[in-house]
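The values are calculated or read from the model by the stated rules, or taken from the named source; none is laboratory data. On a predicted model such as this, the values are computed, not experimentally measured, just so you know. Reconstructed Cβ throughout: ideal geometry from the backbone, glycine too, with neighbour counts over all protein chains shown.
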Amino acid sequence: MKNSDKIRFGFVGTGMITNSAADQINAHPHGEVVAAFDPSEVRVKNFCDKHKVTTPCTSLEALLADDKVDALYVATPNKFHAPSAMQALKAGKHVILEKPFAMSLAEAQAAVELARETGLTLSVGMNQRFTPDALKIKAAVEAGELGEIYHAKAYWRRRTGIPKLGTWFVSHEMAGGGALYDIGVHMLDLCLHCMDNFEPVAVSGATYSKFGPRGLGEGKWGMSDKSDIAFDVDDFASAFIRLANGATVNLEAVWACHTLAADSHNVELFGTEAGASVFPAKLFRFSKHDCAAYEILENLKDPEAPGMANRFTNFINHLHDGSALCCTLEQALAVQKVLDGIAESSRTGREVVLA
């Protein structure tokens, strides 16, 4: 913990997503980006120039050896998330990772073990938790507005949303998964977060690759250089998840499919006292004044959520003054456990019991 001065960040990777990350960190009174490493010298120079970062590094080792750096933000291809985090922890740095946490549960568990041994902070920056709509619904759940939440639906569905064919995004070796690891992980995490239930016990799932292998479904996201990388990840995934208290979740993650909306995503909660939709934030229930009437509550009040402006605000506040960390390691492991289970279930055609 630090009680004064700034938390100084080093970036591992300087791709497209890191621009908003740098802006959010530098906007915090106790945050500053001071160094960055990327295998592309051009990319790291452009990033450092744009964000006035003083130290472009030529290797990860050089970044880790920099005493100015207190914490690392890892925004690399998925394959390097957990290994980079472990290197950073061994070097005495705190870490916030891009999603997904890791390529497997075993890899994630090794990183968690090391974080606990070193006493350093490790977190996965799940940005959907910090959207205004999600904060409103989370507050409603915590206030007991929904009663017992017994079922939820979470989906992110795109018509043409494969993030560039021929890049690392579509390589199983580099990404670990496709739509499931890219956008499915967001909706899964947000759903369990809103339910306040990170206790999955079983999952049945299926993954498909119906558009990418045919060169179809490419979107506009992704700045990686194209190559002859073959498409060998999922472009559609669906799952049914059982939780310890008997609640269930339907999950759908889609990069490409024939669907009416070009891009739609949501979490829907089904409770004994009310239902909820996250995007946009709405509650629906029988009227408290007339049981024959049904009401939809919109324009929900913004909750008092200091320190929850974004994932970096929460992470920096935690390091600076000990504020509660929003995304805990136990939660991150639960999400990774489900991802592994979906992949196994798809391979075997059977429900997977999660230990």
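Descriptive notes on the structure:
- Note on the stretch 173-220: among residues that are farther than 24 Å from residue 250 by Cα and out of contact with any strand residue (DSSP E or B) (no Cβ under 6 Å at 6 or more places or on another chain), the one that is modelled with the lowest pLDDT is 220.
- Residue within the stretch 150-163 that is at pLDDT below 95, assigned to a loop (DSSP other than H, G, I, E, B) and under 20 Å from the mean Cα position of the chain (by Cα) present: yes
- Residues considered: 305, 334. Of these, the only one that is under 21 Å from residue 186 (Cβ atoms) and in a loop (DSSP other than H, G, I, E, B) is 305.
- Being over 30 Å from residue 159 (Cβ atoms) and not hydroxyl-bearing (Ser, Thr, Tyr) holds for only one residue in 281, 276, 262, 244, and it is 244.
- Listed by position, the strands (runs of 3 or more DSSP E) contained in the stretch 218-293 that have at least 2 residues being among the charged types (D, E, K, R) are 263-271, 282-286.
- Put simply, of 49, 5 the only residue that is in a loop (DSSP other than H, G, I, E, B) and farther than 23 Å from residue 333 by Cβ is 5.
- Test: residue 159 is free of Cβ contacts under 8 Å to residues at least 40 places away in the same chain and either of a type outside the set (Phe, Trp, Tyr) or within 14 Å of residue 338 (Cα to Cα) (or both): no
- Test: residue in the stretch 280-297 that is more than 23 Å from residue 145 (Cβ to Cβ), assigned by TED's automatic domain parsing to the domain that holds residue 142, at pLDDT 90 or above and surrounded by fewer than 19 Cβ atoms within 10 Å (Cβ to Cβ): no
- Residue in the stretch 188-200 that is assigned to a strand (DSSP E or B) and not acidic (Asp, Glu) present: yes
- Tallying residues that are of a type in the set (Ser, Thr, Tyr) and within 12 Å of residue 335 (Cβ to Cβ) within the stretch 161-211 yields 1.
Table: residues versus (1) in contact with a helix residue (DSSP H, G or I) (Cβ under 8 Å, 6 or more places away or on another chain); (2) modelled with pLDDT under 95.
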site	(1), (2)
2	yes, yes
7	yes, no
20	no, no
37	yes, no
51	yes, no
61	no, no
65	no, no
71	yes, no
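- Candidate set: the stretch 17-39, residues that are more than 21 Å from residue 317 (Cβ to Cβ) and touching a residue at least 24 places away in the same chain (Cβ under 8 Å); chosen: the one surrounded by the most Cβ atoms within 10 Å (Cβ to Cβ): 36
- The conditions of being in a loop (DSSP other than H, G, I, E, B) and either touching a residue at least 24 places away in the same chain (Cβ under 8 Å) or assigned by TED's automatic domain parsing to the domain that holds residue 188 (or both) are met by residue 325.
- Residue within the stretch 311-321 that is aliphatic (A, V, I, L, M) and surrounded by fewer than 19 Cβ atoms within 10 Å (Cβ to Cβ) present: no
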